[in-house]
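Beneath this line is the structure, given in structure tokens, with notes to follow.
The values are calculated or read from the model by the stated rules, or taken from the named source; none is laboratory data. Since we're looking at a predicted model, the values are computed, not measured. Note that we place each Cβ from the backbone using ideal geometry, even for glycine, and neighbour counts take in every protein chain shown.
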């Protein structure tokens, strides 16, 4: 059902017996002819603006109907007539349409052209694209949510994925994906050689945001400090995305022992209506393990060496010489003494 008829009563006019050329059932009349000049002019401006923005007509009517019916629940599902009895309601419908067109104008022309055609396949593709630069889909959606909810705050907390307004959310997220991939909403933080901290600063435009990543190690001690207006929200996600150290928080400091190794994501988004400056400092240090107390040395007695028995040297026996027979010497003859004759003197 549409809030107004999509063809605005293109029905034919009964043929007249006069010879003057008149519209027949095959010749649609001007769909705006049945309205007052002011209403015709108003509706023509809406049609021109929609075409200028490149928004599909069927999607446009469905979106305006949804928002119009949300404002007027008792009229949900009702098609407004072209008669004077619904003139004031048609004026309200047109006002809603005009407001929506201007809310869609900030989207890129490419995103506006795709309104009404987005599916979950886009979300899967977006996730793959941001993962290539170590950014998770949650960070992408943080940026998309900030932009979308700044324009449609009444949608906060609602499940609108399968409704026409959900297509608008897709459009905002698509533009944030482009900003991340182009580097205008993304920055990789690299610590200088020997440094343990990194500081970045800049300015966030209204409803804008930025994703920072830094490669850190498990069990490192990290400290974060953000200097910014309280309208800047901060989120910190672990490399796996399973741990949210902070999410959409107004906190300005964080100290944590890191639970994982890899690229941590630091997301800041502005909910303000004017530009806001920020300064983000991240410090990460590898903790030095506490020194173990030096134990008092216990004197160990020096063991007495066991004497090694020196083997007794066995004397080498001297060989007994073989006796050589000694010839017995022949006796040398002793000469007999010469007897001297003596005289007998008596």
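Looking only at residues in the range 93-115 that are assigned to a loop (DSSP other than H, G, I, E, B) and free of Cβ contacts under 8 Å to residues at least 60 places away in the same chain, which one is surrounded by the fewest Cβ atoms within 10 Å (Cβ to Cβ)? Steps first, please.
First, the residues of the range 93-115 that are assigned to a loop (DSSP other than H, G, I, E, B): 105-108, 115.
Next cut, free of Cβ contacts under 8 Å to residues at least 60 places away in the same chain only: 105-106.
Working: 105: 12, 106: 15.
Selected residue: 105.
May I ask you to list the residues in the range 145-178 that are closer than 12 Å to residue 66 by Cβ and not in a helix (DSSP H, G or I)? If you could, list the steps in order and put the result at the bottom.
Of all residues in the range 145-178, those closer than 12 Å to residue 66 by Cβ come to 152, 154-155, 158, 160, 162-168.
Hits for the range 145-178 are 152, 158, 160, 162, 163.
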Residues of the range 179-197 satisfying the condition of being on the phi > 0 side of the Ramachandran plot and either modelled with pLDDT under 95 or part of a helix (DSSP H, G or I) (or both):
194
So, in the range 198-228, how many residues would count as being assigned to a loop (DSSP other than H, G, I, E, B), surrounded by 15 or more Cβ atoms within 10 Å (Cβ to Cβ) and out of contact with any helix residue (DSSP H, G or I) (no Cβ under 9 Å at 6 or more places or on another chain)?
1
Yes or no: residue 234 part of a strand (DSSP E or B) and touching a residue at least 40 places away in the same chain (Cβ under 8 Å)?
no
